[in-house]
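Note sheet for the following structure.
The values are calculated or read from the model by the stated rules, or taken from the named source; none is laboratory data. Since the structure is predicted, the reported quantities are computational estimates derived from the model, not experimental observations. All Cβ positions, even for glycine, are placed from backbone atoms using ideal geometry, and neighbour counts span all protein chains on display. Side chains included, ligands, DNA and RNA excluded: accessible areas come from the protein's heavy atoms. Shrake-Rupley method; radii C 1.70, N 1.55, O 1.52, S 1.80 Å.
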Amino acid sequence: MTPVILLATGLAAEKESAEVTDWAARIGWLVGLALFVALIYWLMREGWKWRGTLQGDLPELPTAPSEPGAAKLAMSGRYHGSTTAGQWLDRIVAHGLGTRSRVELTLTDAGLDVVRPGAADFFVPVGALREAVLGKGIAGKVLTEGGLLIVTWEHGDKLIDSGFRSDHAAEHNDWVDAINSMINKTETEGAR
């Protein structure tokens, strides 16, 4: 036999069929990955519930009075959550304050009415308002400078920052001015 024929028969003998996929191993990996992802989500949910348990000393949220008065300002937008005042990463989840949602804000002489479709509504009496500023971030939401209306208010013995973003961000300055002037007016009347 010539070397070419020997080489051709050797190559033919070395050829094997394509490797067959091991479906059992592949399915096992997919099931393992799905279980790992489910475990991570379960741990995150348990952490959220635990945080709510730790914040259980927070009193129930006030509701709007039956006659809050005429609306000074109204705004629709997004509620991005509440945190402990001055600590923009310490989210408060008790009583639904950690749930992001759409929001309808109304400022009256009685206070700030926060109506959230699909989440718990609450009311901040004018006496509980402490400050309104423009910020750039609150627990899990970071925007450009001045892109977030942050209202500081007192609930029980805790100061809370709540973050709102209007559908029309140009409204934020009017809200800051109106809330801070209400706070100054209340403090001046209280000092008399």
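Roughly how many Å is it from the Cα centre of the stretch 85-124 to that of the stretch 152-179, as a whole number?
10
Once you have the alpha carbon radius of gyration of the stretch 19-91, what is it after dividing by 2.2 N^0.38 Å, with N set to its residue count?
Dividing the Cα Rg of the stretch 19-91 by 2.2 N^0.38 Å gives 2.07.
Can you work out the Karplus-derived ³J(HN,Hα) for every residue in the stretch 34-42? Use 6.51 cos²θ - 1.76 cosθ + 1.60 with θ = phi - 60°, whole Hz, and x for glycine or proline.
Along the stretch 34-42, the couplings run 4, 5, 5, 5, 4, 4, 4, 5, 5 Hz.
So, for the stretch 125-190, what is the accessible surface per residue at a probe of 1.4 Å, expressed in square angstrom?
Each residue of the stretch 125-190 exposes 47 Å² on average to a 1.4 Å probe.
Pulled fully out, how much extra length does the chain show between Trp29 and Leu143, if you take 0.36 nm times their separation in residues and subtract their Cα-Cα distance?
The Trp29-Leu143 span can extend by a further 37.1 nm.
Quote to one decimal, in nm, the extra length available between Asp177 and Ile40 on full extension: 0.36 nm per residue of separation minus the C-alpha distance between them.
In short, 44.9 nm is gained.
How would you classify the stretch 57-126 from its alpha-carbon gyration tensor, with a ≥ b ≥ c the square roots of the eigenvalues: rounded for a/c under 1.5, else prolate if a/b is greater than b/c, otherwise oblate?
prolate
Taking all protein chains in place and a 1.4 Å probe, what share, in percent, of the accessible surface of the chain do carbon and sulfur account for?
On the way: 7160 of 11930 Å².
Taking all protein chains in place, the chain shows 60 percent carbon and sulfur surface.
Can I get the semi-axes of the chain's equivalent ellipsoid? Compute them from the C-alpha gyration tensor as square roots of 5 times the eigenvalues, in angstrom, largest first.
After scaling each eigenvalue by five and taking roots: 61, 20, 14 Å.
Could you work out the longest stretch of the chain that avoids the GluC sites (Glu not before Pro) located in DSSP loops with at most 13 other Cβ atoms within 10 Å?
With GluC sites (Glu not before Pro) excluded where exposed in loops, the chain gives 61-144 as its longest stretch.
Could you tell me the relative contact order of the chain? Use alpha-carbon pairs under 8 Å, at least six residues apart, and round to a whole percent.
Relative CO of the chain lands at 18 percent.
Using only Cα atoms and rounding to the nearest 10 degrees, what angle (0 to 90) does helix 3-14 make with the longest principal axis of the chain?
Taking Cα atoms only, the helix is inclined about 50 degrees.
Counting only helical runs of four or more DSSP H residues, what would the 222 nm mean residue ellipticity of the chain come to if each run contributes -39,500 (n - 2.57) and the total is spread over all its residues?
Values: 3 runs with 64 residues, N = 192.
-11500 deg cm²/dmol, from helical runs alone.
Under a 5 Å amide H to amide H cut-off, with H placed in plane at 1.01 Å, what residues pair with Thr108 once short-range neighbours are removed?
Excluding prolines and chain starts, which carry no amide H, the hits are Lys72, Asp113.
How far is helix 172-191 tilted off the main Cα axis of the chain, in degrees rounded to 10, range 0 to 90?
Between the helix axis and the principal axis of the chain, the angle is about 40 degrees.
In nm, to one decimal, how far is the modelled label at Gln87 from the one at Glu187, with both set 7 Å along Cα→Cβ?
2.4
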